[in-house]
Amino acid sequence: MLVRTNAIVLRRLRYSDTSIIATLLTEQRGVESILAKGARSPKSRLAAVLEPLEQIDVQYYVKPGRELQLLRTAERTVLRRSIQSSYEHTVAALRIAELVLRLELPGHPHAEVYELVEQTLAALDAAQSAAAFPVAFALRYAAVHGFSLQLDVHDALPPVNHQSQPYILRLDRGTFEPVLLDLAHRGSHADDVSSIGTHTVERRTLATLQTLGRTPLERLGDQQFESSVLEECRGIVERYLEFHFERRLRRG
């Protein structure tokens, strides 16, 4: 069967002296691995088109039961100049691709995931600053799969002027609960969360997560964030995704 679909290249590997295996996120069929015969030969134009993060119009042959499909043609449809030329933008985009590679199951199409990746890469390419995009994408990716982090925190305890007051993220619910400083409250709180996974989150980190989750992607590059806080946010969201997908994500 011949399939034609839009796709985003997530990864590519050398295969023999002349060929390439490309892993694609396709609009119609989800994650697919494609064999591009002769793509590394001097006369072929496919090597440039099958670079990671390229957005392409692809045709390939699908054989049921075969893990590696056979490429017919591929053409670039979008040129993302900043992602190609800026180290910061490239790193951010590759982190997004890596997350999708590790969490999306092959052969399980998800139109909303494809649309989210496409929109995020477009906004990233147009942005001046790229650092916040991997975390913002991960927050939206969790939401697309039905387990949003609950970032609307209404806390009566402690008072809101306690800027250093930490929170507990309950990984099962995706909720942030104030750490209760009163000893009586602390005991009951510990009993409540002892049997499930938790993560301690500082107030400023939670505020940054709220900004990342609420700011439209098109305006995210105009925001300024502390790099150390962004890394804290990244670790929190990755742990949350690991909990729900039951798969490890590489950190680094």
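The values are calculated or read from the model by the stated rules, or taken from the named source; none is laboratory data. Quick caveat: nothing in here was measured; it's all calculated off a predicted structure. Every residue, glycine among them, receives a Cβ derived from its backbone with ideal geometry; neighbour counts consider all protein chains shown.
Just for segment 22-47: of the residues that are out of contact with any His (no Cβ under 8 Å at 6 or more places or on another chain) and within 11 Å of Val9 (Cα to Cα), which one is surrounded by the fewest Cβ atoms within 10 Å (Cβ to Cβ)?
Per the stated criteria, the residue is Ser33.
Looking only at segment 186-203, residues that are outside any strand (DSSP E or B), modelled with pLDDT of 55 or more and surrounded by fewer than 14 Cβ atoms within 10 Å (Cβ to Cβ) come to 2 in all. Annotation for segment 117-130: at least one member residue is of a type in the set (S, T, N, Q) and crowded, with 19+ Cβ neighbours inside 10 Å.
Applying the set (1) modelled with pLDDT of 85 or more; (2) closer than 30 Å to Val117 by Cβ to Val153 leaves exactly one unmet item: (1). Of everything in segment 1-37 that is in contact (Cβ under 8 Å) with a residue 12 or more places away in the chain and small (Gly, Ala, Ser), the residue that is farthest from Thr73 (Cα to Cα) is Gly30. Of all residues in segment 63-89, those being over 28 Å from Ala131 (Cα atoms) and surrounded by 13 or more Cβ atoms within 10 Å (Cβ to Cβ) number 6. Taking Glu232 as the residue in question, decide whether it is part of a helix (DSSP H, G or I), crowded, with 16+ Cβ neighbours inside 10 Å, on the phi < 0 side of the Ramachandran plot and without any contact (Cβ under 8 Å) to a residue 60 or more places away in the chain. Judged against the criteria, Glu232 is a match.
Report yes if some residue within segment 16-33 is under 25 Å from the mean Cα position of the chain (by Cα) and over 16 Å from Pro106 (Cβ atoms); otherwise report no.
Checked against the condition, which is being under 25 Å from the mean Cα position of the chain (by Cα) and over 16 Å from Pro106 (Cβ atoms), segment 16-33 yields at least one hit.
Among the residues of segment 204-224, the ones that are surrounded by 14 or more Cβ atoms within 10 Å (Cβ to Cβ), of a type outside the set (S, T, N, Q) and under 24 Å from Glu118 (Cα atoms) come to 6 in all.
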